[in-house]
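The values are calculated or read from the model by the stated rules, or taken from the named source; none is laboratory data. Keep in mind the model is a prediction, meaning the values are calculated, not measured. Heads up, the Cβs are rebuilt from the backbone with ideal geometry, glycines too, and the neighbour counts pull from every protein chain shown. Remember, those area values only see protein heavy atoms, side chains included, never the ligands or the DNA or RNA. Shrake-Rupley method; radii C 1.70, N 1.55, O 1.52, S 1.80 Å.
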Amino acid sequence: MRKIVKAMDFYNDIGLYGDTTAIISENSEHFSYDELLKAADALKIQFKKRCLVFSVCENSLESVVGYIGFLRASIVSVLISDGINNELFDDLL
């Protein structure tokens, strides 16, 4: 029987989906949930828990990996569009 995943805990249950395709890139590359999990967990060890991270995002695998890694490490992340006005971004910093 398949486990029902709660929406708020999806990032902790990614491993349940194994080699199922999680992401298809714009170049038609397929990335599995296992690959996503491995990359996210490698990223999360680079940060201290409960820190604040400004994550400048675009529609990319790297942005998804960052988001999942931050969630799995209990890091508070602010997702910011890569198209943000430089002045506004400087004010945020």
Checklist entry - Is the range 78-93 home to any residue that is in contact with a strand residue (DSSP E or B) (Cβ under 7 Å, 6 or more places away or on another chain), open to solvent by less than 30 Å² (accessible area, probe 1.4 Å), of a type outside the set (Lys, Arg) and modelled with pLDDT under 95? => result no
Checklist entry - List, please: which pairs have Cβ atoms under 9 Å, are six or more places apart or on different chains, and start with a residue in the range 71-93 that is closer than 14 Å to residue 11 by Cα and part of a loop (DSSP other than H, G, I, E, B) and end with one that is open to solvent by less than 60 Å² (accessible area, probe 1.4 Å) and acidic (Asp, Glu)? => result 73/41
Checklist entry - So is residue 3 open to solvent by 40 Å² or more (accessible area, probe 1.4 Å), farther than 17 Å from residue 67 by Cβ, modelled with pLDDT under 95 and not polar (S, T, N, Q) or not? => result yes
